[in-house]
Amino acid sequence: MCTYISIPKQSNGTVITARTEDWLIKLPSIVNFVPCGQSFPEIKGYVPQIHWENKYGFIGSGCKYERMPINYFDGLNEAGLSAASLWLGCSKFPEPKLDTPMLYNSNLLPYVLGNFKNIHEVEAALTKVTIISVNPGNLQHYIFSDTSGKHLIVEFINEKMRTYTTEMGVLTNDPQLDWQRTNLSLYENLSLENNPNLFCGAELSGSGQLGIPGDPTPQSRFIRAAFLRQTAFQPQNTQEAIGIARQILQTLAIPSGTVLNNGSITIYDWTQWSAFRDHTNRSYYFNTDFNSKIYCIHLNKLDFDVSKQRRINIDQPDWYEDISKTFESS
């Protein structure tokens, strides 16, 4: 399970998006720096795929097992375009077509991040390739966002690619987007304003959200994400913009051990890390399940003309700052 949100474009033009990465086993997650001119695809297969050298450098987050290439789940490139994949169990990808260029879905994110600067270029390019599944269990749908504040959602249903351009920028998991949008219409009477409900002679605070679903299912998280992104708060700086995105995402995260899967062994989904993207200022922020401290990578401070990729573990050791000494007497 994962959740993707966007904050409406700010008056100063700032575009902020964020997502959680939820999974049922601990992922060996990394953050990777990819300079320009790298050869792709890194994940090979039995079906011939298109090859490219990336035009744009990017920061990508994903899963890295020993002796295996990185499987990217998320990223932001130097042009301000982001890419994210989320689980969609009802996905059904096309069969290989030998008369058209092909690409495994596990290579879709580096393909987009390395080659395009906005969602219009992405949509046009995807009509010219056939995206196939690297294995039957790799079932994803995708969302791409750029500096305009618009988003492109891509799903593969019944072996057909479906694309949706939207300003809402919300995505969770099953069912597919059409169903989620229809379900969202059932909650159109929700309001940010308190209803005139009284308790102890005073208006009941928070009653404007009365009736909003609170469970962790994808359909309920979709409703909450779509509703809460309408916050009336207007950030005045980057800290406040990332802060409001983080507050909203925290209401959509899955605490460890709270969503159990049936079976002889107790396993559960939980939010392992979260990413926050400032598309306007080209900054990539992240934190992890047991480390709420936010770490940041400013892409405009990186040299994308170097020759080698570099990566770090997404789990960072410094999870708090000790300020005890500030109370020491002078």
query = Name the pairs whose Cβ atoms lie under 7 Å apart, with the first residue in the range 167-189 and surrounded by 15 or more Cβ atoms within 10 Å (Cβ to Cβ), the second charged (D, E, K, R) and modelled with pLDDT under 95, and 6 or more positions between them or separate chains?
reply = V170/R229
request  = Among the residues of the range 17-39, write down those that are aromatic (F, W, Y) and modelled with pLDDT of 95 or more.
outcome  = F33
task = Please tell me if T14 is at pLDDT below 95 and among the hydroxyl-bearing types (S, T, Y).
result = yes
inquiry  = Which count do you get for residues in the range 35-63 that are over 30 Å from R221 (Cβ atoms) and of a type in the set (A, V, I, L, M, F, W, C)?
reply    = 5
query = Does the range 277-286 contain any residue that is under 18 Å from L27 (Cβ atoms), at pLDDT 95 or above, touching a Ser or Thr at 6+ places or on another chain (Cβ under 7 Å) and surrounded by 19 or more Cβ atoms within 10 Å (Cβ to Cβ)?
reply = yes
ask   = Within the range 291-323, restricting attention to residues that are free of Cβ contacts under 8 Å to residues at least 60 places away in the same chain and among the aliphatic types (A, V, I, L, M), which residue is nearest to L27 (Cα to Cα)?
value = I294
note = Here the residues within the range 1-27 that are part of a strand (DSSP E or B) and hydrophobic (A, V, I, L, M, F, W, C) are C2, I5, I7, I16, A18, W23
ask   = Do you know which residues across the range 232-254 are under 16 Å from V15 (Cα atoms), assigned to a loop (DSSP other than H, G, I, E, B) and without any contact (Cβ under 8 Å) to a residue 40 or more places away in the chain?
value = F233, Q236, N237
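The values are calculated or read from the model by the stated rules, or taken from the named source; none is laboratory data. As the structure is a prediction and not an experimental result, all values here were calculated from the model. With ideal geometry, Cβ positions are generated from the backbone for all residues, glycine too; neighbour counts draw on all protein chains shown.
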